[in-house]
Amino acid sequence: MAFPQRQAAIVGVYTTKQGKLPDRSSFSLQLEAIKGAVDDAGLTLADVDGLLPMSLTDHLAGTPAHQFWAEQLGERPLSLVELGGASGQLAKAAAAIAAGLTEVAVLFYGKAGQLVGPRGTVAPKDKAPRVPEWSFMQHGAYMTTWYALWARRYMHEFGVTSADLAEVAVFTRHHAVLNPDSVMGRKGEITVEDVLSSRYICEPLHLLDCSIDNDGGYAIVIASAEVARNCRHEPIWVLGGAEAYYTDFYGTINDPWFPEGGKSVRKATDRAFGLAGITRDDVDVAGMYDCFTITTIRNLEEMGFCKLGEGADFVREGHCRLGGRMPTNTDGGLLSNSHSGDPSGMHTIEVVRQLRGACGDRQVPDARIGVSLQQGWAVHGMGSVLVMARD
Amino acid sequence: MTYLKPLPDTSELNRPFWEGLRQHEFRVPRCADCGDWNWIPYPACRSCQSEHQVWTAVSGNAVVWSWSVVHRGPGAFNDEVPYTVVLAKLAEEPRSLIVTGNLVGIDPAEVTMGMPLTVVYEEVPEEDITLYRFAPVR
């Protein structure tokens, strides 16, 4: 049974303003993004009959997100709801579209006013807060700490240095400088020395090894081939995609942490590339989840673009930089473009814009095949991959 | 002084673990059928899916498997920076027993990979709970 290649396409993308948005609500950003992406496709809200929310969190207590949105978007029944991470949701939506379960589905996310980093955790005045039974928070850890523990172990096993990690922040900022919509681009280029001299957040990770923490929303519209051919932009076809889940969820890990055979990201990549019928060498442009510098290095290895332990070499050789073999995170990524709550759809949006040839100063010439990796809930505990192509 | 750092919302299912900490024992569910240790506690053994697990005290001997010195802490932890969070590998094998914890009793700058550790216990004032921490073996 083959994946239905080129039977669904991404036809609309939209990003709200990203940054500090104190006057906006999460709902308002989501609605703006949905309307914006549908308009980008040249469709109307009445065309949407599938929903890809990034979580089941709703805006009406006690009501599932899909029913809330079915009512909010015009009191019409919606035919499909898919959860997971952005790339995987879109892959499943493409398969569902080919099977006739839906024709036009929209993936969306928006978050305002709630920081995900330590600034978002207020110290209580009178009583200790309760956290889940095995939560790392009782030990003083949080997301950055966990990735720092991961980075330390990785650096120990493979002889990788802080300067190697810093190279990721440097090339990603370079891309952000070329992206007029990025949050950090206006701050200009950075050097390895800048990263190493920025303050430690959780050793060995410095401030500039970490993604930013801002507000923003985005949406993506995926549609059947028939609908796609009549949309405003050329279709960006889905060639394949897959998702995988593994044990790492900030509570349980096994030794080795970096097995030769990889974890969920490897499994999702192998399956997605197999279904799409492409090899690693076919990828012209990539977007991959980059919550910390270490994450990009590990993703390059897990996705099989280089061998285990060689991710830092791959970056140092310039392959991820614009002009390199496989320009990666050309919008500036989560490190320097935007990191708003669950930003895992942002990488797909940038790849779509690259395949459309709409990226201006940061355009990858003749980009035909692109890949987006969503990865989350832990260090490779969950991963999903989407392979896209223009005609 | 009131303890304001996060505390676990403990469950009836895992009561033997928290009771163990009160008695200064670190108890891990061990499979009665295949002998494997399961951390964090799950309702059945991950190796053979047996539900017959027995809370078994481990030696408390461990080594540093990874660590991070935290310079920006969340909530009340930020009053204690810099402090060290450790991934400690417990001595009991064959299943890897890597436990996240707070490392106390050492200057963060002196932590090294593989350093021998032991589990220590911290009674939380005004709360009916004992927490585990790790400390270097002196």
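Quick notes on this structure:
- Straight-line reach from A:LYS127: taking Cα to Cα under 26 Å and skipping same-chain neighbours fewer than 8 places apart, the lysines in range are B:LYS5.
- Global form of region A:332-391, assessed from the alpha-carbon gyration tensor, a/c cut-off 1.5: oblate
- Counting Cβ atoms of other protein chains within 10 Å of each Cβ in A:126-137 and taking the mean gives 6.
- Likely footprinting exposure, A:LYS20, B:LYS5, A:LYS125, fewest C-beta neighbours within 10 Å first: A:LYS125, A:LYS20, B:LYS5
- Annotation: amide H-H contacts under 5 Å for A:ASP290 (H modelled 1.01 Å from N, sequence separation of 5 or more, or interchain): A:LEU334.
- Stretch gain in nm, segment B:CYS48-B:ILE129, where the contour uses 0.36 nm per residue and the Cα spacing is subtracted: 25.9 nm
- C-alpha center-to-center spacing [region B:84-138, region A:326-360] in angstrom: 40 Å
- When the Cα gyration tensor is reduced to axis lengths a ≥ b ≥ c, the ratio a/c is 1.5 or higher for region A:44-94, and with a/b not above b/c it is classed as oblate.
- Over 29 Å (Cα to Cα) - which of A:LYS20/A:LYS263; A:LYS111/A:LYS187; A:LYS263/B:LYS89; A:LYS92/A:LYS263 fall in this group: A:LYS20/A:LYS263
- Helix-derived mean residue ellipticity, 222 nm - over chain B, DSSP H n ≥ 4, -39500 (n - 2.57), to 500: -1500 deg cm²/dmol
- Each residue in B:THR130, A:THR121 was given a count of other beta-carbon atoms within 10 angstrom of its own, and listing them fewest first yields B:THR130, A:THR121.
- Signed unit charges on C-beta, dipole axis of the protein assembly as shown, positive-most listed residue A:MET54, B:ILE40, A:VAL104: A:VAL104
- Under the Karplus curve 6.51 cos²θ - 1.76 cosθ + 1.60, θ = phi - 60°, whole-Hz ³J(HN,Hα) for region A:165-171, x wherever Gly or Pro sits: 4, 4, 4, 5, 4, 5, 6
- Peptide B:3-13 is shielded by partner chain Cβ atoms: per residue, an average of 5 of them sit within 10 Å of its Cβ.
- A simple spin-label model places pseudo-atoms 7 Å from Cα toward Cβ; at B:GLU12 and B:VAL104 they are separated by 3.1 nm.
- Residue of A:GLU302, A:GLU226, A:GLU32 that the Gaussian network model of chain A assigns the largest fluctuation, springs spanning Cα pairs under 10 Å: A:GLU226
- Here region A:8-111 is assigned +1 on the Cβ of each Lys and Arg and -1 on the Cβ of each Asp and Glu. Its dipole about the Cα centre then comes out at about 380 debye.
- Phi angles of region A:62-79 translate, via the Karplus equation with coefficients 6.51, -1.76, 1.60 and θ = phi - 60°, into HN-Hα couplings of x, 10, x, 4, 5, 6, 4, 6, 4, 6, 4, 8, x, 6, 10, x, 9, 8 Hz per residue; Gly and Pro are given as x.
- Under the Karplus curve 6.51 cos²θ - 1.76 cosθ + 1.60, θ = phi - 60°, whole-Hz ³J(HN,Hα) for region B:8-13, x wherever Gly or Pro sits: x, 8, 6, 10, 5, 4
- Cα centroid separation - region B:1-31 against region A:303-321, whole Å: 43 Å
- Counting Cβ atoms of other protein chains within 10 Å of each Cβ in B:122-134 and taking the mean gives 1.
- For B:LEU87, A:LEU322, order by how many other beta-carbon atoms lie within 10 Å, fewest first: A:LEU322, B:LEU87
- In this simple spin-label model, placing a label point 7 Å from the Cα along the Cα-to-Cβ direction at both A:LYS307 and A:THR161 gives a separation of 2.2 nm.
- Sites A:ALA99 and A:GLU234, calculated FRET efficiency, Cβ-Cβ separation with R0 22 Å, nearest 0.05: 0.35
- Virtual paramagnetic centre 7 Å along Cα→Cβ of A:ALA46, amide N under 13 Å, in region A:71-101: A:74-76
- Cut-off 13 Å, label 7 Å out along Cα→Cβ of A:ASP282, residues of region A:296-337 by amide N: none
- Whether chain B is rounded, prolate or oblate, judged on the alpha carbon gyration tensor where a/c under 1.5 counts as rounded: oblate
- Mean Cβ neighbour count within 10 Å, used as a protection proxy, ranking A:249-261, A:44-56 highest first: A:44-56, A:249-261
- FRET efficiency, 1/(1 + (r/R0)^6) with R0 45 Å, evaluated for A:GLU71 and B:ARG22 via beta carbons: 0.35
Bear in mind that the values in this text are calculations on the coordinates, not laboratory data. None of the values given here were measured: they were computed from a predicted structure. Methodologically, a virtual Cβ is constructed for each residue, glycine included, from the backbone with ideal geometry; neighbour enumeration extends over all protein chains shown.
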